[in-house]
1. Could you list, in sequence order, the residues of the stretch 22-36 that are farther than 13 Å from LEU113 by Cα and without any contact (Cβ under 8 Å) to a residue 60 or more places away in the chain?
2. Every residue in the stretch 114-135 that is closer than 20 Å to GLY27 by Cβ, in contact with a Gly (Cβ under 9 Å, 6 or more places away or on another chain) and not in a loop (DSSP other than H, G, I, E, B), please.
3. Within the set of pairs 6+ apart or on separate chains, which have a first residue in the stretch 181-207 that is without any contact (Cβ under 8 Å) to a residue 60 or more places away in the chain and surrounded by 12 or more Cβ atoms within 10 Å (Cβ to Cβ), a second that is assigned to a strand (DSSP E or B) and small (Gly, Ala, Ser), and C-beta atoms under 6 Å apart?
4. Any chance the stretch 74-81 includes a residue that's in a helix (DSSP H, G or I) and touching a residue at least 12 places away in the same chain (Cβ under 8 Å)?
5. Need a quick list: helices (runs of 4 or more DSSP H) entirely within the stretch 1-72 having at least 1 residues that are β-branched (Val, Ile, Thr) and surrounded by fewer than 19 Cβ atoms within 10 Å (Cβ to Cβ).
6. Can you spot a residue in the stretch 142-155 that is assigned to a helix (DSSP H, G or I), surrounded by fewer than 18 Cβ atoms within 10 Å (Cβ to Cβ) and among the hydrophobic types (A, V, I, L, M, F, W, C)?
7. Residue under question is THR59, and the condition is that it be at pLDDT 95 or above, closer than 20 Å to GLY85 by Cα, β-branched (Val, Ile, Thr) and in contact with a His (Cβ under 8 Å, 6 or more places away or on another chain); does it hold?
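The values are calculated or read from the model by the stated rules, or taken from the named source; none is laboratory data. What you are looking at is a predicted structure, and each value in this text was computed from that prediction instead of being measured. When we count neighbours, we look across all protein chains shown, and the Cβ atoms used for this are built from the backbone with ideal geometry, even at glycine.
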Amino acid sequence: MTAALAGHLAAALQQATDELQLGLTHGQHEQLLTYLAALHKWNRVYNLSGLQDLQHMLTLHVVDSLTVLPFIDAGGIADVGTGAGLPGLVLAICRPDLQFFLIDSNGKKVRFLFQTAHALGLRNVQAIHARAEGYAITPQVAIVLSRAFASVRQFVETSQHLLAPDGRLLAMKGQYPAAELAELPAEYSLAASHVLRVPGSAVTRHLLDIRRSRPTQ
């Protein structure tokens, strides 16, 4: 990466976090850019992302993940199907006070997460090679999070055992998935839907806040 490109990416990240009013430190900006560089490097061999261009990766991966940061207000957090750590590893950089469990069934991606978290000095991250439905966390977490998961119903059914009784399931989606929400399990309901604006992009994003509406039998 040239010095000019590095400077451009740093400026673009600063502008995005300013627009989102995140108040990140200089050190956190540096960590996010280090993560981006690692993602770009590993992607050449391990196909961690369908994107190749660093600017696009910054906007559609890192900044996109940052849009959910204001809604992460309790720990721990389980990111199921985290892939290359999106959004979990990005959020862990910004919230070192909270514990993150990054769960994925792809061993190569989990190795990337483990090595990158170690290189960044993140002590609040556990990279877990497992399928979400076959893994247990004790105690259960306050938030279970997903980005680009298959469907809302599948997200709930495969992840609900990780969630504390009063916890929240946060699903990051593109267009508002009305049909998917109509198929929610009966004991769950949509508590809120938030439109997420991604600086530098015209894409539409929604964050769905799903909670238990009645106890399971």
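1. The answer is GLY23, THR25, HIS26, GLY27, HIS29, GLU30, LEU33.
2. THR116, ALA117, VAL125
3. That search, which allows pairs on different chains as well, returns HIS206/SER193.
4. First, the residues of the stretch 74-81 that are in a helix (DSSP H, G or I): none.
Checked against the condition, which is being in a helix (DSSP H, G or I) and touching a residue at least 12 places away in the same chain (Cβ under 8 Å), the stretch 74-81 yields no hits at all.
5. Details: elements: 3-20, 26-46, 54-57.
Helices (runs of 4 or more DSSP H) meeting the threshold: 26-46.
6. Here is the first cut: in the stretch 142-155, the ones assigned to a helix (DSSP H, G or I) are 152-155.
Those left that are additionally surrounded by fewer than 18 Cβ atoms within 10 Å (Cβ to Cβ): 153-154.
Still in the running and among the hydrophobic types (A, V, I, L, M, F, W, C): none.
Looking through the stretch 142-155, none of the residues is assigned to a helix (DSSP H, G or I), surrounded by fewer than 18 Cβ atoms within 10 Å (Cβ to Cβ) and among the hydrophobic types (A, V, I, L, M, F, W, C).
7. Values: at pLDDT 95 or above: yes; closer than 20 Å to GLY85 by Cα: yes; β-branched (Val, Ile, Thr): yes; in contact with a His (Cβ under 8 Å, 6 or more places away or on another chain): no.
So THR59 does not fit the description; no.
Quick grid of which residues meet (1) touching a strand residue (DSSP E or B) at 6+ places or on another chain (Cβ under 9 Å); (2) within 15 Å of ALA148 (Cβ to Cβ):
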| site | (1), (2) |
| --- | --- |
| HIS56 | no, no |
| VAL68 | yes, yes |
| GLY81 | yes, yes |
| ALA92 | yes, no |
| LEU98 | yes, no |
| GLY107 | yes, no |
| VAL110 | yes, no |
| LEU120 | no, no |
| ASN124 | yes, no |
